[in-house]
Amino acid sequence: MSRPLAPAGGGIAALLMLADGRFPAGGHAHSGGLEAAVVAGRVSDPGTLEAFLRGRIATSGATAAAFAAAVCAAYGGLSQAETERSGEARIRALDTELEARTPAPALRATSRKLGRQLLRTARAIGPHPGLDALADALPGGPHQPVALGAAAGALGLGPHAAAAAALHDAATGPATAAVRLLGLDPFAVHAVLARLAPDLDRLAAAATGRAEAPAAELPSYGAPALDISAELHATWEVRLFAS
């Protein structure tokens, strides 16, 4: 592998860029299930938004964080030859296991679309042979957490940073959508996000602790309501967000 774009395990500026909502990977067009929850009446104010976000980060968010951390751990520090052998095999296994943990077809399609867009963006801002190898290994596109973990590795970030970025995305995407869908006070929404910070830190640390675990043993926290609402949302003819 070529030298990463930032010091291994460091790169706070790189992490901020990766987690920024303006990062052109397409996440702004997705609500993370929030739009369907709003229409169903489950989210209507900052209090119900907080409950939704707590549930999301503890389930799909925590699972995404674990896989992003594991991919980043498999990615970092490998030579080109190792990447082509054990590293690539590990990442393929992680992508397959994450597929199995995403039962809703609509969410699988969304995850791969976002993964393709994130990988494309990462390759554009910092060409790296490992990212090229990932694109070749998974021509249909990696799942979004897999692409996130690889992008973090290419930027020289460690597994904890990859997990933190995944959880940041799981919380801030729907929170931003809530402002647009419900016209909530942005100050109140960011107060909700601030209250989530300790849980986000705890979940990121837990995901990092599992980064070397066998792919089949990584978390599989289910969120059936998100799965069902995603399938319903995909059938809507009129919607503000793609998912």
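Every number in this text was worked out from the coordinates using simple rules, so none of it is lab data. This structure is a prediction, so every number in the text was calculated from the model and none was measured. Cβ sites come from the backbone with ideal geometry, for glycine too, and all protein chains shown count toward neighbours.
Observations on the model:
- Sites matching trypsin sites (Lys or Arg not before Pro) across region 11-54 that sit in DSSP coil, with at most 12 neighbouring C-beta atoms within 10 Å: ARG22
- Cα-projected label distance for ASP201 with ALA137, points at 7 Å along beta-carbon direction, nm: 3.3 nm
- For the chain, the longest principal axis of the Cα atoms and the long axis of helix 224-233 meet at an angle of about 80 degrees.
- Rotationally averaged projected area of region 26-233 (alpha carbon convex hull; nm²): 10.4 nm²
- Sorted by Cβ density within 10 Å, fewest first, the residues ILE12, ILE91: ILE12, ILE91
- For VAL238, VAL179, VAL146, order by how many other beta-carbon atoms lie within 10 Å, fewest first: VAL238, VAL179, VAL146
- Computed from the Cβ-Cβ distance with R0 of 51 Å, the FRET efficiency linking ARG108 to ILE12 stands at 0.95.
- Helical mean residue ellipticity (222 nm; -39500 (n - 2.57) per DSSP H run of 4+; nearest 500) of the chain: -20000 deg cm²/dmol
- FRET efficiency for ALA124 and HIS28, using Cβ-Cβ distance with R0 set to 22 Å, rounded to 0.05: 0.80
- R0 of 35 Å, Cβ-Cβ distance ARG92-TYR221: FRET efficiency to nearest 0.05: 0.95
- Gap separating the Cα centres of region 102-118 and region 18-55, nearest whole Å: 16 Å
- Under the Karplus curve 6.51 cos²θ - 1.76 cosθ + 1.60, θ = phi - 60°, whole-Hz ³J(HN,Hα) for region 43-58, x wherever Gly or Pro sits: 10, 9, 7, x, x, 6, 4, 4, 4, 4, 5, 4, x, 5, 5, 7
- Listed from fewest to most Cβ neighbours within 10 Å, the set ASP201, ASP227 follows the order ASP201, ASP227.
- Subtracting the Cα-Cα distance of ARG180 and LEU240 from their residue separation scaled by 0.36 nm leaves 20.7 nm.
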